[in-house]
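Asks: One structure, pasted below without further comment.
Every number here is computed from the coordinates shown, using simple stated rules; none is lab data. Here the structure is a predicted model, which means the values were calculated and not measured. Here Cβ is always computed from backbone atoms with ideal geometry, including for glycine, and neighbour counts include all displayed protein chains.
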Amino acid sequence: MIEEQIPRKIAETGLKMKRKVKDSVFTKLFAEQGYVTELYEALSGKSAKKNPEIEVITLETVLMNGYYNDLGFVADDRFMYLVEAQSDWSPNIVLRVLFYYVRTCEEYLSRRKISVHESKVINLPKPELYIIYTGSEHLGIEQLSFAETYFSGNSPIDLRVKIIRDGCGNDIIHQYVRFTQICAEVRQEYGASWGGNQAKEIIQRCKQENILVRFLEQREKEVIGMMTTDVEYVNWMNSKWKENYQQGMEQGREQGIQLKQERVAKEMLADHMPMDLIMKYSELSEERILELKKDLEQAGEL
């Protein structure tokens, strides 16, 4: 029965939104030039020169989910690095990276006022594409190929994304990965009892292990605020959508399950909720949800 799935769906949603804590730290961490330089050194295996020319071109937009945790930067105008941190695994990550790469190229050309209609070949920085995977699933692969994932390797278009599980020594990649592990350990220990004390516990453990010490010391209050605010949002969202879901169930009994599902989806679309959550609560396909979204837009309700 669909009713029996509500508690499980609420719990899954809460955990997914708690993972936003780590993603927020990722974006804050690499918003600072010094840490981007450290990341460049870790990925390239080279020591950056004294004043490396690193241009951050992260697209601060919502992609596929309710938040973004992607970083794009160009080093010495020769290499374009796109890095995404993920704790949830999906082979479709490679498709997201493809979309992100195309949009980042557009941003790169726009900043330089370069047109794709120029008569000569445009000089583009060589792409280097990475996923920093911090989840628990054992993947057994080191890279993803767009052509192999979707077309058994038989495609004129390909894109290869390298998968990173950890860094080397105590480099910035290792520190970020270890930070996510400490978050998971503390969350498992405290369960639903999550708040400011648990956030402080995470920071304390990180300092003891020499993990992101300077960053956490400089932004301790901000990081604690991000953690507690995210959990408050989880609680609000769970309460709101559990109520809406149950109301939809009641209407569904009277008008049919399909009407109930569409009502829930429309309300979530109106609140600009992410696609993955709408699919969970409404149990509609992404295609049907996009059709409903189009209907709402045409009616001026979105």
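Asks: Summing +1 for each Lys or Arg and -1 for each Asp or Glu, what net charge is found among the other residues whose Cβ lies under 14 Å from the Cβ of Asn197? Working shown, then result.
Replies: Numbers: positive: Arg187, Lys200, Arg205; negative: Glu189, Glu201, Glu220.
Result for the neighbourhood of Asn197: 0.
Asks: Quick one: length gained pulling Asp171 to Leu139 fully straight, 0.36 nm per residue minus the C-alpha distance?
Replies: On the way: separation 32, 0.36 × 32 = 11.52 nm, distance 2.26 nm.
Stretched out fully, the Asp171 to Leu139 stretch lengthens by 9.3 nm.
Asks: Provide the convex hull volume over Cα atoms per residue for segment 31-165, in Å³. All intermediate terms of the calculation are to be shown ahead of the outcome.
Replies: On the way: hull volume 18.1 nm³, N = 135.
Convex hull volume per residue, Cα atoms: 134 Å³.
Asks: If packing is taken as the mean number of other Cβ atoms within 10 Å per residue, what is the order of 285-292, 268-275, 128-135, 151-158, highest first?
Replies: Values: 285-292: 13.8, 268-275: 16.4, 128-135: 20.1, 151-158: 10.4.
Put in order of decreasing packing, that is 128-135, 268-275, 285-292, 151-158.
Asks: Express in nm, to one decimal, how much length is gained between Val56 and Ile163 on full extension, taking 0.36 nm for each residue of separation and deducting their alpha carbon distance. Please list the in-between numbers first.
Replies: Working: separation 107, 0.36 × 107 = 38.52 nm, distance 2.11 nm.
Using 0.36 nm per residue and subtracting the Cα-Cα distance, I get 36.4 nm.
Asks: Assuming R0 = 25 Å, can you tell me the calculated FRET efficiency for the pair Glu286 and Ala147, based on Cβ-Cβ distance, to the nearest 0.05? Show your work: numbers first, answer last.
Replies: Values: r = 23 Å, r/R0 = 0.92.
The pair Glu286/Ala147 has a calculated efficiency of 0.60.
Asks: Another one. At a threshold of 8 angstrom on Cα-Cα distance, excluding pairs fewer than six apart, so keeping six or more, what relative contact order does segment 31-165 reach in percent?
Replies: 21
Asks: Counting only other residues whose beta carbon sits under 10 Å from that of Val97, what net charge do I get with K and R as +1, D and E as -1? Display every interim value, and only then the final one.
Replies: Working: positive: Arg96, Arg160; negative: Asp70, Glu84.
Around Val97, the surrounding residues sum to 0.
Asks: Just rank Met80, Met227, Met279, fewest to most, by other beta-carbon atoms within 10 angstrom. Before the final figure, lay out the partial values.
Replies: Values: Met80 21, Met227 26, Met279 16.
In order of increasing Cβ crowding within 10 Å: Met279, Met80, Met227.
Asks: First select every other residue whose beta carbon is under 15 angstrom from the beta carbon of Asp171; then total the charges, Lys and Arg +1, Asp and Glu -1. Don't skip to the end; give the middle numbers.
Replies: On the way: positive: Lys46, Arg165, Arg178, Arg214; negative: Glu38, Glu41, Asp166, Glu209.
Local net charge: 0.
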